[in-house]
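Since the structure comes first, as structure tokens, the remarks are kept for the end.
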Amino acid sequence: MDAASMVDEQLVPRGITDQRVLAAMRSVRRHRFVPIQYRLSAYYDGPLPIGYGQTISQPYIVALMTQLLETEPEATVLEIGTGSGYQAAVLAELVKHVYTVETIKELADRARKVLESEGYTNVTVYHRDGSYGLPEHAPYDRIMVTAAAPRVPDQLKDQLADGGVMVIPIGPAYGVQVLRQIRRVKDDFEWTDREYVRFVPFTGGVSQSEDE
């Protein structure tokens, strides 16, 4: 299976309709972002381990979160949880610049290397605790969080621009979470819960004992 087949067989039938998102999913070479022993499975509809207890999300979830983010070509995006770098590459096809933060140094270094080798010059990878965001480049037009949190970190809310959109899985660690789409309107935050998902938890400063 290749990226084109992945889109036609897994994404379109499940309601991914944004043509820009579908084009990005066709363009990014997903197999480059998974460990070599899993490359034959790179385009199948499931998550894959990338080491250090982390995974690369299944293609449908990547496409769904990207569609919910409602990207625009001139947007700047903050991604929390670089992981393999695959989601950052998909976003880089759609926006002006992606700032992505990873708490595990080995994953940050690996993702940076792959993104550079794939020619993505509009992605900047940081190794730090993502629960605090990246205030030096705020505000962001869009924020995507690819790890589960029990609540939306206030630091991320503060770094979202007026009119901006955030997508984040909310719920317990190692359980079922809900994918929440949040829109900032001045100092208010409107949100809609979209779909149930399973993500690895935040490994930074967001306490798993706190509720939204």
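The values are calculated or read from the model by the stated rules, or taken from the named source; none is laboratory data. If you're wondering where the values come from, they're calculated on a predicted model, not measured in any experiment. Reconstructed Cβ throughout: ideal geometry from the backbone, glycine too, with neighbour counts over all protein chains shown. Please note that ligands, DNA and RNA were not included when accessible areas were found on the heavy atoms of the full protein model with its side chains. Shrake-Rupley method; radii C 1.70, N 1.55, O 1.52, S 1.80 Å.
Annotations for the structure displayed:
- Residue list for the range 192-212, filter: over 18 Å from the mean Cα position of the chain (by Cα) and either among the hydroxyl-bearing types (S, T, Y) or at pLDDT 90 or above (or both): S207, S209
- Scan of the range 41-54 for residues that are open to solvent by less than 10 Å² (accessible area, probe 1.4 Å) and not small (G, A, S), ordered by number: I50
- Among the residues listed as T82, T146, the single one being over 20 Å from S27 (Cα atoms), of a type in the set (S, T, N, Q) and touching a helix residue (DSSP H, G or I) at 6+ places or on another chain (Cβ under 9 Å): T146
- Looking across I80, I50, I61, I56, one residue alone is free of Cβ contacts under 8 Å to residues at least 40 places away in the same chain and not charged (D, E, K, R). It is I56.
- So R26, is it in a helix (DSSP H, G or I), touching a Pro at 6+ places or on another chain (Cβ under 9 Å), open to solvent by 20 Å² or more (accessible area, probe 1.4 Å) and not β-branched (V, I, T): no
- Counting only helices (runs of 4 or more DSSP H) that sit completely within the range 55-164, those holding 1 or more residues that are crowded, with 16+ Cβ neighbours inside 10 Å and polar (S, T, N, Q) correspond to 59-69, 86-92, 154-158.
- Qualifying residue in the range 104-123 (condition: of a type in the set (S, T, Y), in contact with a helix residue (DSSP H, G or I) (Cβ under 8 Å, 6 or more places away or on another chain) and more than 19 Å from R30 (Cβ to Cβ)): no
- Residue check, T100 of a type in the set (S, T, N, Q), within 11 Å of the chain's Cα centre (by Cα) and farther than 16 Å from V165 by Cβ: yes
- Selection count, the range 39-54, where residues are out of contact with any strand residue (DSSP E or B) (no Cβ under 8 Å at 6 or more places or on another chain) and in a loop (DSSP other than H, G, I, E, B): 6
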